[in-house]
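Worksheet: one structure, shown below.
The values are calculated or read from the model by the stated rules, or taken from the named source; none is laboratory data. Predicted, not measured: the structure shown is a model, and the values here were computed from it. Reconstructed Cβ throughout: ideal geometry from the backbone, glycine too, with neighbour counts over all protein chains shown. Remember, those area values only see protein heavy atoms, side chains included, never the ligands or the DNA or RNA. Shrake-Rupley method; radii C 1.70, N 1.55, O 1.52, S 1.80 Å.
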Amino acid sequence: MKFKSLLTAAAVSSIGVCSISEQVSAQAKAPKDFKVTAEAFADLQLLRYQVPGFEKLTLQQKKLAYYLTEAGLSGRDIIYDQRGKYNLLIRKTIENIYSTYQGDRKSDNWNKFREYCGRFWFSNGNHHHYGNEKFIPGHSFAYFSELVKKSDAAGFPKQKGETTEAFLSRLRPIIFDPAFQPKMVDLSPDKDNIVASSNNFYEGVTQKEVEDFYSTFSTNGNAPSWGINSKLVKQNGRITEKTWKVGGMYGEALSKIVYWLDKASTVAENEQQRNALKKLIKFYQTGDLKDFDAYSIAWVADTASTIDATNGFIEVYNDAIGKRGSFESVVSLKDFEATKRIKAIASQAQWFEDHSPLMPEHKKKQVKGITAKAITVISEAGDAAPSTPIGINLPNADWIRKEHGSKSVSLSNIVHAYNEVSSVGGTLEEFAYGDEVKARIRKYGALSSDLHTDMHECIGHASGQINPGVETTDKTLKNYASALEEARADLVALYYVLDPKLIEIGVMPNLEVGKAEYDSYIMNGLISQLTRLKLGDNLEEAHMRNRQLNAMWVYQMGKKDNVIEMIKVNGKTYTRINDYNKLRELFGQLLREIQRVKSEGDYEGGKKLIETYGVKVDQELLKEVLDRYSKLGVKAYKGFIQPKLTPVMTGGKITDVKVTYPASFYDQMMEYGKKYSFLPVIN
């Protein structure tokens, strides 16, 4: 399976990280006059991040970063199309309205349309970026018709000979009908999750047909990640893959990506990096998954470069059965100071594996090369923007990780920006119980969160092994695989964050740091993450499910010993941990069980864990939490406006690259729409 920790802004803000970690590199601290916050609308807050250290790069490194950034942005259309067949049609329609509408731009209806645009761009489509449910404009279809009729008719993506009325009629259910493609990813049990999900990974096929199609593909040994770079369709009664490659599906965008990757290869920092880039180019040209594996191996081997990038079809969260990879790009430079912490953890990977509570047969006898570093993000695109991870561990193929190792990174300047805004959010005061807990989180919360992320990515995803002869988790655990893997990696972090070993290796000063993480995690998993739901909702998103699974399981299993209490004070519900050491034991027990489920491919066992502990929401508690949260005036989700890299040209040659920090998300989205639109509206 392909997994990455998506500990997004919503997670960071709601766990109450309220101080900036001393472990964050000094170079990652922004000047006092830099404003992190930008526009806000609906449930979304836009932020900005800086790229400290960029000005100290060599010209060659700056050019490399610029070319890799352009390669990432050139794939922007792909993520829109992957998240919904009609997203590019909608995007080009609203972009034309936004730029050419000749009517009143101060009315309430215009503001509602503008909010819809912001939500659509933030989510890379018309399904919420986190909850996956469809959202519709706050204004009427009649007003939308007026918008279209008072905008440049030539700018709309109409079909040949299509009238404006026919165009509007075609768009009406796509944009305004909440029952038309209602969920981008539907993980409901006892349902055909392929048919129920409205992403653009499948067409005309059922879940059984998909599973039958791939049942003949071997996943033993060094088998590729089948299906990660294609759409599965039924045409004339025959099921076939439409491969994403140059000359195939998404070919126009991938050709642009290849163009920029080729330029990047000419300024690579070393031969290993150049080799990796050439192999990535070959993969995009052939679509052969063996070429992707060759690239992944070469990429892992490049440990010396200062500039690095992920670019490709990587994470599978947007596919209900975890096969197809969403396009993403993250370009970065190494944060040398902050790397010391995560590197110290990675150097002890074998110790952590040997001392874990897993069954002996599920432990790796030899943990191969984990390359751990903290990075300063330069740019993000595709599924990594605007909502971004704070930690990444790749490649996702288990056999590559086992035989060649992996790269585990913490995004230090992103974490810094999140910490800065969360320090004034008020979430901690509202949801944490007692002065002692609040003081501990204020003092150690940022460090404990950093350590959790480091352990989750660096040790968690790299730990454990699947039993011989057991298929990969996309086949065995199916639609529960992502949530279970994230729960497993979280549990590794939770088990060790209260271990004196972290004091011994110098990454935390005392066990109060671990207690702060337990306080935050239990509070978040049982209460404060509910701020991202609506009344009537249960949990669908993989990371929300994993957090509630872990927190609810230890709460229920610890009841007889009163390990955790749910207490009510003045009508407000809080969590209180009474026995931190016993809680650690419970985390270890659940880790052992979830690793068993993964190692043995126990679908029913995994399903029972998720459905029993990770899905259902107490609606009375949800109402209380939403009422409390609404009074804080805090947005539940956060994402980023991207820095802009601009080449300085002299005599037709790049003589420098400047980085600037745009302040308007709307302006950036319109600029991107003009500059990086390469695909037709229907693919």
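When the stretch 612-635 is limited to residues that are of a type in the set (Val, Ile, Thr) and within 15 Å of ARG545 (Cβ to Cβ), the one that is nearest to the chain's Cα centre (by Cα) turns out to be VAL615. Out of VAL148, VAL205, one residue alone is β-branched (Val, Ile, Thr) and either free of Cβ contacts under 8 Å to residues at least 12 places away in the same chain or assigned to a loop (DSSP other than H, G, I, E, B) (or both). It is VAL205. Residue count for the stretch 422-446 under the criterion of being open to solvent by 20 Å² or more (accessible area, probe 1.4 Å) and assigned to a helix (DSSP H, G or I): the result is 10. Scanning the stretch 193-221 for residues that are farther than 17 Å from ASN479 by Cβ and over 26 Å from the mean Cα position of the chain (by Cα) yields GLY204, THR216, PHE217, SER218, ASN220, GLY221.
For the stretch 574-587, the condition holds for at least one residue, the condition being that it is at negative phi, part of a strand (DSSP E or B) and either open to solvent by 40 Å² or more (accessible area, probe 1.4 Å) or acidic (Asp, Glu) (or both). All of GLU269, GLU252 fail the test of being outside any helix (DSSP H, G or I) and either open to solvent by less than 60 Å² (accessible area, probe 1.4 Å) or closer than 30 Å to GLU209 by Cβ (or both), apart from GLU269. Is there a residue being surrounded by fewer than 14 Cβ atoms within 10 Å (Cβ to Cβ) and closer than 18 Å to TYR80 by Cα anywhere in the stretch 191-204? So far as the stretch 191-204 goes, yes, one or more of its residues are surrounded by fewer than 14 Cβ atoms within 10 Å (Cβ to Cβ) and closer than 18 Å to TYR80 by Cα. A single member of LYS85, LYS106, LYS160 is open to solvent by 20 Å² or more (accessible area, probe 1.4 Å), in a loop (DSSP other than H, G, I, E, B), out of contact with any helix residue (DSSP H, G or I) (no Cβ under 8 Å at 6 or more places or on another chain) and over 19 Å from PRO680 (Cα atoms), and it is LYS106. Is it true that LYS635 is part of a loop (DSSP other than H, G, I, E, B), of a type outside the set (A, V, I, L, M, F, W, C) and open to solvent by 40 Å² or more (accessible area, probe 1.4 Å)? The answer is yes for LYS635. Per the listing ILE370, ILE314, the residue uniquely touching a residue at least 12 places away in the same chain (Cβ under 8 Å) and touching a Leu at 6+ places or on another chain (Cβ under 8 Å) is ILE314. Looking across THR427, THR473, one residue alone is out of contact with any Phe, Trp or Tyr (no Cβ under 7 Å at 6 or more places or on another chain) and farther than 29 Å from LEU187 by Cα. It is THR427.
Each row is one residue, and each column tells you yes or no for (1) of a type in the set (A, V, I, L, M, F, W, C); (2) closer than 22 Å to GLU512 by Cα; (3) touching a residue at least 12 places away in the same chain (Cβ under 8 Å).
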site	(1), (2), (3)
ILE390	yes, no, yes
HIS404	no, no, yes
VAL415	yes, yes, yes
VAL424	yes, no, no
TYR444	no, yes, yes
GLY460	no, yes, yes
ASN467	no, no, yes
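What's the number of the condition ASP618 fails, among (1) touching a Ser or Thr at 6+ places or on another chain (Cβ under 8 Å); (2) without any contact (Cβ under 8 Å) to a residue 60 or more places away in the chain; (3) farther than 25 Å from ALA65 by Cβ? Status for ASP618: all satisfied but (1).
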